[in-house]
Amino acid sequence: MTPTPPPGTDPPALGRATLGWLAPELRPAVDPRELRPRIVHFGLGAFHRAHQALYTERASALSGEPWGIVAVAPRSLPVVAAMRAQDCLYSLTERRPEGPVTRVIGSVTDALGMRPDAGRIDALLASPEVTVLTSTVTEKGHHRRPGSGELDTLAPEIAADLAALETGDLTTVVGRIAAGLTLRMRSGGAPLTLVSCDNMAGNGSALATVVRGFVEASSWPDRRDVLDWMTDSVAFPATVVDRIVPATTDADRRTADSVLGVRDGVPVVGEPYRQWVLEDSFAGPRPPWELDGALFVPDVVPFQLTKLRLLNGAHSALAYLGAAAGCETVADALATDWGERLVRAFCAEVGPTLPAGGPDPMGYADVLVERFRNPAVRHLLQQIGSDGSLKIPERWLDALRTLRAASSPTPVLELALAAWANATRAAEGGGQLFGTTDPAAAALANCWQDTASRHGTVRRLLQAVGAVDLAEDDALVSGIAARIPAPRAGHIDF
Ligand code: CS2
């Protein structure tokens, strides 16, 4: 029989000692004590815990192979403390339209803070037992130069890390990974695969470029040897990750506690849908993620561009248009009289830019409408609209270039860009107009200084996100500028 807390006492915290308190269907699929640290993950956010950690847990359970994850938080130490306080166990609730389903996930075996635990991270990255590194560090964690994709060695954090190699106190994930790879080469050089799980086209090579760029710019005397060894022994497959995972709220925490009967400080919630497509090019052993439905393919590009341009592209369009219309969540935007039409028109406009071999864009749009409509998932537009300066080049601008080059009309992308432009204005009390955040917020707000010319503003905004070529396309700039007044007045003219 499942023990329960004595009446009148506070429920105890989730942890290995209280797993026996949980109803059997709530318990992890693996016994965490039997797992070995074989994967190091950078980016201890909700997305990792609702996606790769779940695939890994089920792959271990189904294969009997002991794939444990040591998850590293680049900055946030509270999440590390909270995870450790419950032996890195946490619950995942799938928000199905017919009702939520909760279970504790057991694949994360340790949580580390990137700066305080640098020595342990280095030791893990040098260990031949670790054969996979995964990362969810977002677009901005890569410190790419806008427009080129090369490492921005002049970015203050990267420059500081390059100057701090002696002390080893590095603050960027790129620097920490480069340092770890250097140690790995020096201590035997077992092959390693770095699996980028960020929403960027060619995410594997994007990560490879910045890590190699860091090694190249470093003062390590053996940096050439490290680069040669990386060429032979370190793989960077491209991947497509997909699952809508809104930020956890206090209400989610209360719900998790009441379902579990024990306290969970770090629960995550997500939609039922999930997908993982990986380029089948690993340098060494990996978890059999395919046992849980991951797809290993020779070329992820058709899947990657479809997901990035249709799902993430439509998401960003809804984020800025929805915010202008006073909506709070994606489901709210879908409940307007323009939301569904916008998603379908967006997919119809962008679909022709996608390579053959991926899903059919209009079938994909049907699924998107269903997923976005799920009222049980409260996905805040503010979360999606943040970091727009880094997201929209990936999601919209390459498709836009392809369509402009083919002289195809681009009214939906122009409307989306107009709504984004509107959202880059500064709020009266500071910050961005709709509460989004962006590392380029100040530079973007400055583009509005000359209020006399909307064209000038659009041109400067495009330049600020590295799209110098598009800023010179007069017809495009006029199209975007002409569409700004409607969202500015809170109307969606669609
Ligand atoms: C979203 C993504 O926040 C965002 O920018 O577009 O996090 C999106 O929910 C995921 O990529 C879905 O897989």
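The values are calculated or read from the model by the stated rules, or taken from the named source; none is laboratory data. Just so it is clear, the model here is predicted, and its values are computed rather than measured. We place every Cβ from the backbone using ideal geometry, glycine too, and count neighbours over all the protein chains shown. What goes into the accessible areas is simple: the full protein's heavy atoms, side chains included, and nothing from ligands, DNA or RNA. Shrake-Rupley method; radii C 1.70, N 1.55, O 1.52, S 1.80 Å.
For the range 312-358, which GluC sites (Glu not before Pro) are in a loop by DSSP, counting at most 15 other Cβ atoms within 10 Å?
Answer by residue number: Glu328.
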Tally Lys and Arg at +1 and Asp and Glu at -1 over the other residues with C-beta under 14 Å from the C-beta of Pro237: what net charge comes out?
-4
Prolate/oblate/rounded call for the chain, Cα gyration tensor, a/c under 1.5 rounded
oblate
Can you tell me the FRET efficiency between Glu290 and Ser219 if r is taken as the Cβ-Cβ distance and R0 is 45 Å, rounded to the nearest 0.05?
0.60
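In percent, how large is the relative contact order of the chain, given Cα pairs closer than 8 Å and 6 or more residues apart? Before the final figure, lay out the partial values.
On the way: 921 pairs, mean separation 68.5, N = 494.
Normalised by residue count, the contact order of the chain is 14 percent.
Pop out the carbon and sulfur fraction of the accessible area of the range 301-488 as a percent, whole number, probe 1.4 Å.
The nonpolar share, carbon plus sulfur, comes to 54 percent.
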For Thr153 paired with Ala376, estimate the spin-label separation in nm (one decimal), with each label point 7 Å from Cα along the Cα-to-Cβ line.
5.2 nm
For the chain, what is the calculated [θ] at 222 nm in deg cm²/dmol (nearest 500), taking -39500 (n - 2.57) for each run of four or more DSSP H residues and dividing by its residue count?
-12000 deg cm²/dmol
Quick one: helix 411-423 against the long Cα principal axis of the chain, what's the angle to the nearest 10°, folded into 0 to 90?
70 degrees
Over the range 231-328, what relative contact order in percent results from Cα pairs under 8 Å that are six or more residues apart?
30 percent
Where the centre of each part is set by its Cα atoms, how far does the range 384-409 sit from the range 415-494, in angstrom?
14 Å
Can you check what the net charge comes to around Ser407, using other residues whose Cβ is under 13 Å from the Cβ of Ser407 (Lys, Arg +1; Asp, Glu -1)?
+1
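Note down the net charge around Gly106, summing +1 for each Lys or Arg and -1 for each Asp or Glu among other residues with Cβ under 12 Å from its Cβ. Please report the intermediate quantities before stating the final value.
Working: positive: Arg16, Arg27, Arg33, Arg49, Arg58, Arg103; negative: Asp31, Glu34, Glu57, Asp87.
Once positives and negatives cancel, what remains is +2.
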For the range 56-93, listing trypsin sites (Lys or Arg not before Pro) in a DSSP loop whose Cβ sees at most 10 other Cβ atoms within 10 Å gives none
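Given a 1.4 angstrom probe, I'd like the percentage of the accessible area of the range 16-297 that is carbon and sulfur, rounded to a whole number. Let's see the in-between values first.
Details: 5460 of 10520 Å².
About 52 percent, which is the carbon plus sulfur part of the accessible surface.
Please give the length that would be gained between Ala348 and Arg401 if that part of the chain were fully extended, namely 0.36 nm times their separation in residues minus their C-alpha to C-alpha distance (nm, one decimal).
17.5 nm
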So how much slack lies between Arg425 and Arg96, counting 0.36 nm per residue of separation and subtracting their Cα-Cα distance, in nm?
114.8 nm
State the answer as a single residue: which of Ala348, Val266, Met114 lies farthest towards the positive end of the charge dipole of the chain, with beta carbon charges of +1 for Lys and Arg and -1 for Asp and Glu, about the Cα centre.
Val266
Which residue, Leu92, Leu192, His48, has the largest displacement toward the positive end of the dipole of the chain when charges sit on each Cβ (Lys, Arg +1; Asp, Glu -1)?
Leu92
Highest first, please rank the peptides 300-306, 310-316, 408-414 by the mean number of other Cβ atoms sitting within 10 Å of their residues.
310-316, 300-306, 408-414
Inter-centroid distance (Cα atoms) of the range 248-301 relative to the range 341-373, Å:
24 Å
Whole number in Å², please: accessible area per residue of the range 301-488, 1.4 Å probe, ligands, DNA and RNA not counted.
37 Å²
For Val468 and Ala443 in the same chain, what is the full-extension length gain: residue separation times 0.36 nm, less their Cα-Cα distance, in nm?
7.5 nm
Consider a paramagnetic label point 7 Å from the Cα of Ala123 along Cα→Cβ; state which residues of the range 185-206 have an amide N under 19 Å from it.
185-190
Residues meeting the amide H criterion for Phe42 (H placed from the backbone, H to H distance under 5 Å, 5 or more places apart or on another chain) are Val72, Thr134, Ser135, Thr136
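Just need the relative contact order of the range 16-297 here, percent rounded to a whole number, with Cα pairs under 8 Å and 6+ apart.
Numbers: 574 pairs, mean separation 66.3, N = 282.
Relative contact order for the range 16-297 comes out at 24 percent.
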Antiparallel versus total DSSP beta bridges in the range 16-297: what percent is that, nearest 5?
30 percent
Using a Förster distance of 56 Å, how high is the FRET efficiency between Thr231 and Ala17, based on the Cβ-Cβ distance and rounded to 0.05?
0.75
Separation of alpha-carbon centers, the range 192-237 and the range 96-172, rounded to whole Å
13 Å
Given a 1.4 Å probe, how much area per residue of the range 16-297 is accessible, in Å²?
37 Å²
Would you work out the charge dipole size for the chain about its Cα centre, treating the Cβ of every Lys and Arg as +1 and the Cβ of every Asp and Glu as -1, and quote it to the nearest 20 debye?
460 debye
